[in-house]
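All remarks here apply to the structure that follows.
The values are calculated or read from the model by the stated rules, or taken from the named source; none is laboratory data. This structure is a prediction, so every number in the text was calculated from the model and none was measured. Note that we place each Cβ from the backbone using ideal geometry, even for glycine, and neighbour counts take in every protein chain shown. When the accessible area is computed, the model is the full protein with side chains, heavy atoms only, and any ligands, DNA or RNA have been set aside. Shrake-Rupley method; radii C 1.70, N 1.55, O 1.52, S 1.80 Å.
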Amino acid sequence: MSGTLNKVMLIGHLGDEVKMHYFEGGGAIGRFPIATNETYTNKQTGERVTNTDWHNIVVRNKAAEICEKYLSKGDKVYVEGRLKNRQWQGEDGNTRYSTEVHVQDFTFLSTKKESMANQQSGGQKPQQNAASSASSSPKAAPLARPDQEDDLPF
């Protein structure tokens, strides 16, 4: 196989607001960090360990404006794109390097507000469903008449 592939797919939470930079020609670029987590159990100590990796995300033009408008810190997002390495001279004269994900496609998965609301109401929903099914079962009972025979084999 002679081809190559440069593709990144991430699902994570925004670590900061989208920082926008506008150019004279009308173009725009947005940058924001995404955090992804890896959780495992340490076999020696038995404790759960969570490692967080931070990824520098870059979106361009209209996509950047959409991200700026709808995304905020803590929101969960899916991004797909390519890895790009950047090199520049820092103010101190040292050469700096950065690896970025240049986004080609993205999907907003949930806002921080939605995920907080789901966590708070998550314990209440089963109680509501049980209450609604209990209230509907007495209504369903009169429909089943013992004098009627069904044609079910069991």
Practice item. Once you have the Cα-Cα distance between residue 2 and residue 49, take 0.36 nm times their residue separation minus that, and quote the gain in nm to one decimal. Key: 13.0 nm
Revision key, fill the gap. Given unit charges at Cβ for Lys, Arg (+) and Asp, Glu (-), the dipole magnitude of the range 53-101 about its Cα centre in debye, nearest 20, is 200 debye
Practice item. Mind ranking 98, 2 by accessible surface for me, highest first, 1.4 Å probe? Key: 2, 98
Review point. Which ³J(HN,Hα) values, rounded to whole Hz and listed in residue order, are derived for the range 101-108 from phi using the Karplus coefficients 6.51, -1.76 and 1.60 in 6.51 cos²θ - 1.76 cosθ + 1.60 with θ = phi - 60°, glycine and proline given as x?
Key: 9, 8, 6, 10, 8, 8, 9, 7
**Study point:** Segment residue 72-residue 117, extension gain: residue separation times 0.36 nm, minus the distance between their alpha carbons
**Key:** 14.6 nm
